[in-house]
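Worksheet: one structure, shown below.
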Amino acid sequence: MDRNNIWILGATGFIGRALTQQLAQNKANRVVLFGHKTLPGAAFEPHIYLQGGFSNITKETYQRYPPAHIFHLARFAAPLPFLRFISSKFGKKSNLQLIDFLRNENSTTRLHYVSGSLMYGATTSGSHNETAALNPVGFAKAYVAAELPFMQARKQDLSVSFYRPGWILGPDSWFKTFFWRPFCKTGKVPYYGDGSQLMSLVSLHDCAAIIARGAEHLPLNEDLNVFAKPPITQKEFSEKVAQSLGCESYSVDLEQMKKLGIDRHAIEALTTSIPLSSKHGDFYNSFRPEYKSVEELIGNVCVQLQKQNEVFLSGA
Ligand SMILES: NC(=O)c1ccc[n+]([C@@H]2O[C@H](COP(=O)([O-])OP(=O)(O)OC[C@H]3O[C@@H](n4cnc5c(N)ncnc54)[C@H](OP(=O)(O)O)[C@@H]3O)[C@@H](O)[C@H]2O)c1
């Protein structure tokens, strides 16, 4: 049987690993994974895995595994705002090279670029659907540079869709850094600023499932907001986490955020209200989320993190 070659750039990342599992479930797919520095681990063993980032995007790889779809989740991240602007320039350069490469191959590949909802910026009323104008805040102020070449390329000749997830809840990433670790340290769960900012949550599994399904079902060049729950305020979110852990929640104001060493991009990301909606009503009407309620989702993620702590403490 001829299989569809599916490339995943940034496969070792938080979303990349979940998307790999999701796409590999379809036996018609052959997944070709592009890692960078992080080692892949046993979960990648059944798949074709190429370490070393974009250096593996060669004529030879292309001819051997011509991709029907490329999922791009390679974020050239950096720990501080000024470094993010620099690393994003490298990201932009690599993305321009990828675009040139696809053009030289006369490729009809569909490219799926996993971006974020921070690209929309704050709303003062209503919610952002896929037609909203972009006004990047937080990390997106730096990372937008890497995305621009694909926006241009779509206006010309390439097929590109942008996916904009909200707050992806899993046992890592922002939840671990800004909610779980402070809880481990203080015994309480924080919320940032006054807590009125709205969050559109999605489980890590659902995020991957929605992206995979979007790539299969949406028309060419359509974008997709990725969320699975109606927006809730960050204070409500923090209280639900606290309830699940049997503790209280507490507010962290701007001065305290700065004292904690949270940089200006992260502060903006934590305190901006970005509720999401979608113009793809039929797509979402037929999607069944993994968890019935936010409480169930939060409870499950906390259990996974508690298990990680136990493994860490037992030295296993
Ligand atoms: N995490 C979230 O909650 C969230 C929410 C909304 C949107 N998003 C967006 O989703 C995308 C993926 O996010 P993520 O959380 O999965 O990120 P992540 O965990 O940081 O993963 C990024 C991936 O990119 C790879 N990478 C980094 N530098 C690279 C380079 N120079 N060349 C090639 N590959 C490179 C990393 O490999 P190494 O680790 O080996 O360097 C890793 O596999 C990003 O655009 C992000 O903004 C994330």
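Among residues of the range 113-132 that are farther than 26 Å from N95 by Cα, those with a beta-carbon under 8 Å from a residue that is among the β-branched types (V, I, T) and within 11 Å of the ligand (Cβ to nearest atom) at least six positions away or on a different chain give the pairs A122/I274; T123/I274; H128/I274. Among the residues making up the range 154-201, those that are under 22 Å from V137 (Cα atoms), of a type in the set (S, T, N, Q) and either touching a His at 6+ places or on another chain (Cβ under 7 Å) or free of Cβ contacts under 8 Å to residues at least 24 places away in the same chain (or both) are S161, T177. Among the residues here, S88 qualifies as of a type in the set (S, T, N, Q), within 15 Å of F54 (Cβ to Cβ) and at pLDDT 95 or above.
Considering the range 1-34, the residues that are in contact with a Leu (Cβ under 9 Å, 6 or more places away or on another chain) and either more than 23 Å from V226 (Cβ to Cβ) or of a type in the set (V, I, T) (or both) include one that is surrounded by the fewest Cβ atoms within 10 Å (Cβ to Cβ), namely V32.
Against the conditions (1) at positive phi; (2) surrounded by fewer than 19 Cβ atoms within 10 Å (Cβ to Cβ), G138 satisfies every one except (2). Restricted to the range 29-60, and to residues there that are more than 19 Å from the chain's Cα centre (by Cα) and of a type in the set (G, A, S), the residue that is farthest from the ligand (Cβ to nearest atom) is A42.
Total residues in the range 107-120 satisfying the condition of being within 13 Å of the ligand (Cβ to nearest atom) and more than 12 Å from A215 (Cα to Cα): the figure is 6. G166 falls short on exactly one of the conditions (1) in contact with a strand residue (DSSP E or B) (Cβ under 6 Å, 6 or more places away or on another chain); (2) among the small types (G, A, S); (3) more than 12 Å from the ligand (Cβ to nearest atom), and that condition is (3). Just one of (1) surrounded by 15 or more Cβ atoms within 10 Å (Cβ to Cβ); (2) more than 13 Å from the ligand (Cβ to nearest atom); (3) at pLDDT 95 or above; (4) not aliphatic (A, V, I, L, M) fails for T123. It is (3). Take the conditions (1) buried (at least 19 other Cβ atoms within 10 Å of the Cβ); (2) at pLDDT below 95; L102 misses just one of them, which is (2).
The values are calculated or read from the model by the stated rules, or taken from the named source; none is laboratory data. Since this is a predicted model, take the numbers as computed values, not measurements. Positions of Cβ are generated from backbone atoms using ideal geometry, with glycine treated the same way; all protein chains shown enter the neighbour counts.
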